[in-house]
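Each reported figure results from applying straightforward, stated rules to the coordinates on display, with no laboratory input. Fair warning: this is a prediction, and the values are worked out from it, not measured in the lab.
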Amino acid sequence: MGPLDLIRHPLIFTGITLPEFIRWYFWEQPSRILRVYFAYLRAFIEIFSFIFLVRTLISPWRQITDPYQKRGFNLGQFSQTLTLNIVSRTIGLIFRSITLFFGLGAVVLLTVCCAAFYMAWLLFPIVFWVGLTYVFSAAF
């Protein structure tokens, strides 16, 4: 096998046959794309910890609370404690909601990008051959 054989048919040199290439292109690589997608999805779910955020949605922010007075009743002290606890829970709700929103947006963006890449991978040979026939039909 000389250098001219390599120019005529580059797959001869690597030992890859057409059925092996088709199996790789349409079976192995798409399954690898999906495995990588699910790995990223698991990482996003761990990073944003959706279950923890939902479980602690109305918990106080950074556990900043004021204990209520045990003995007696002082309306001023009670209202001050109640206000601090409500404000702390509201701030926690706001920050956790924002984090959930951005996390879900990141997961949706990841899914859309992966689906677009997956479809582009599978449809590329068809688009390539259609484009090639269009170029050659226009040229001749």
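Miscellaneous remarks
- Take the Kirkwood radius over Cα pairs of segment 62-137, plug it into Stokes-Einstein at 4 °C and 1.567 mPa s, and you get 73 µm²/s for translational diffusion.
- With only the Cα atoms considered, the chain has a convex hull volume of 169 Å³ per residue.
- Contact order relative to length of the chain, as percent, for alpha carbon pairs under 8 angstrom and 6 or more apart: 27
- Helix-derived mean residue ellipticity, 222 nm - over the chain, DSSP H n ≥ 4, -39500 (n - 2.57), to 500: -26000 deg cm²/dmol
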